[in-house]
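The values are calculated or read from the model by the stated rules, or taken from the named source; none is laboratory data. Source: prediction; values computed, not measured. Please note: Cβ atoms are built from the backbone with ideal geometry, for glycine as well, and neighbour counts cover all protein chains shown.
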Amino acid sequence: MTDILTGKYAATAVLAALADRERSGEGQRVDLALLDVQMATLANLVETITIQVVEGFMAEHKARRPRPAAVGGEENLGCARGIEPPRAPADLL
């Protein structure tokens, strides 16, 4: 798998080098290592798995615990207090 992904990275790097040569007229050197590609791939894989595990945990947690009642609005924290229901458009004119 790493060999295939390294080839894809190499193809993208060669295309970028050719595009830069068209613009600047200077050549580019493409240097790839299998380990670099493998580490980048594993980092993405670990991130995806972590997100899935956390989302699964949160879904289970929400299913087990009832949602707490809404509180707040009475503190003086620089926020709106005593929220009023919206008025009809005629009242605003």
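Quick notes on this structure:
So that you can scan it fast, the table gives a plain yes or no per residue for (1) among the polar types (S, T, N, Q); (2) modelled with pLDDT under 90:
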{"residue": "GLU22", "(1), (2)": "no, no"}
{"residue": "GLY25", "(1), (2)": "no, no"}
{"residue": "ARG29", "(1), (2)": "no, no"}
{"residue": "ALA33", "(1), (2)": "no, no"}
{"residue": "GLN38", "(1), (2)": "yes, no"}
{"residue": "GLU55", "(1), (2)": "no, yes"}
{"residue": "MET58", "(1), (2)": "no, yes"}
{"residue": "GLU75", "(1), (2)": "no, yes"}
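- Within segment 41-61, residues that are surrounded by fewer than 10 Cβ atoms within 10 Å (Cβ to Cβ) have Cβ atoms under 9 Å from residues that are in a helix (DSSP H, G or I) and of a type in the set (Ser, Thr, Tyr) in no pair, counting only partners at least 6 apart in sequence or on another chain.
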